[in-house]
Amino acid sequence: MDRLFVNLGKNSYDILFADSFSWLSDALKEINAPKKLLVVTDSNVKKLYADEVNSILQENGYDSTVCVFDAGEENKKMDTVLGICKSCLEHKMDRKSMIIALGGGVVGDMAGFAAAMFMRGIDFIQIPTTLLSQSDSSVGGKTGIDFMENKNILGAFHQPKLVYINVGTLKTLPKEQFISGMGEVIKHGIIRDSEFFDYLEQNSSNIKKLDDKTLINMDKINCSIKAEVVEQDEKENGLRAILNFGHTIGHAVESAYNFEMTHGECVGLGMIGASYIAQKRDMIDIADLQRIERILTEYGFKTRVKLPDKEKISEFMQNDKKKTMGRLKFVLPSAIGEVVQTTNVGQTEIFDALEYISEQEKSI
């Protein structure tokens, strides 16, 4: 089992990397987990891993039960969070009890937000089962729900006590969800680590074959990149905003499609759009833009899609919670492994980028 320490002072925690749930009880003992636990999961993960995890907990003396909500982004809402809080009360949990988030990013957001709210905040741990949640949402303490067609517009920062990553769960992941997760993985290479970007290019075969050793190594490097950023800027007051590379356009496309495209697919399109803006500004050259598109294609991404009306996407972008003084904040690459933040991207540049990632556009 591999380990990565996230240094956030009193909010510090370990990320553990394994190929099974065999070390889960040992991990809980390390953090002195309370006996009263609520496992929160969705209807998809319930069929795969909830019974196994709950059995491990009960066999090791924990008073645990499972709370299940219907899978899907459409359930990332306040009613779901309140349902989890209801389960906490029914299980007679108190301020020393703990929630376990077992599932993908939606589960982590819902369980984490409920933990932040219940009795003004109780501990929780993340057991992410998708590549998207293992590579991104389980690390950093962001929780959130969608509201009035806007993604993650309500939420709280609430750091987990532990993240337990079992790469074995990726073997039951639908192909489109694996591709979605790779969007965030590739993003981390572009924004912060050119050597990791090289690694993803050179090891694509083993990664796509879901080789355990390669996946653990990829996840550990990936999480170390995000952890290093979060350690410097826990509440997203500066540096952490670079993690939003691809998200300004990506979130708007996701909302415009009523969440029918996966988050990672939309982030991939957003990364291409932002990279196109950077290339037109002579921040990167055409070769870098083509390299970014090539690696996304290698991992199964669509690099061109039929987009809704540009004005509709622009309207969703104006609701972006990352706006500064009324201006949209963009993260643009200045090289593979380096990005800059800016609020001076104009409407014409945005529309040109949307045109570029639309199916009608074929070349630079």
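The values are calculated or read from the model by the stated rules, or taken from the named source; none is laboratory data. Remember, it's a predicted structure, so these values are computed and weren't measured experimentally. All Cβ positions, glycine included, derive from the backbone under ideal geometry; neighbour counts span all protein chains shown. All accessible areas refer to the heavy atoms of the entire protein, side chains included, with ligands and DNA or RNA removed. Shrake-Rupley method; radii C 1.70, N 1.55, O 1.52, S 1.80 Å.
Quick notes on this one:
- Number of positions in the range 150-165 that are part of a strand (DSSP E or B) and open to solvent by less than 50 Å² (accessible area, probe 1.4 Å): 9
- Residue in the range 248-264 that is open to solvent by 10 Å² or more (accessible area, probe 1.4 Å), within 25 Å of L131 (Cβ to Cβ) and touching a Ser or Thr at 6+ places or on another chain (Cβ under 7 Å) present: yes
- The requirement of being modelled with pLDDT of 85 or more, under 17 Å from L243 (Cβ atoms) and open to solvent by 70 Å² or more (accessible area, probe 1.4 Å) is not satisfied by E298.
- Residue-level check: of (1) within 20 Å of the chain's Cα centre (by Cα); (2) over 24 Å from V167 (Cβ atoms); (3) hydrophobic (A, V, I, L, M, F, W, C); (4) surrounded by fewer than 18 Cβ atoms within 10 Å (Cβ to Cβ), F5 misses just (2).
- Residue within the range 166-180 that is more than 21 Å from I336 (Cβ to Cβ), aromatic (F, W, Y), in contact (Cβ under 8 Å) with a residue 24 or more places away in the chain and in a strand (DSSP E or B) present: no
- Residue match in the range 186-208 (condition: in contact with an Asp or Glu (Cβ under 8 Å, 6 or more places away or on another chain), open to solvent by 10 Å² or more (accessible area, probe 1.4 Å) and within 22 Å of K329 (Cα to Cα)): yes
- Subset of the range 224-235 (residues that are of a type in the set (D, E) and either in contact with an Asp or Glu (Cβ under 8 Å, 6 or more places away or on another chain) or in a helix (DSSP H, G or I) (or both)): E228, E231
- Residue match in the range 74-84 (condition: over 19 Å from S133 (Cα atoms) and not aliphatic (A, V, I, L, M)): yes
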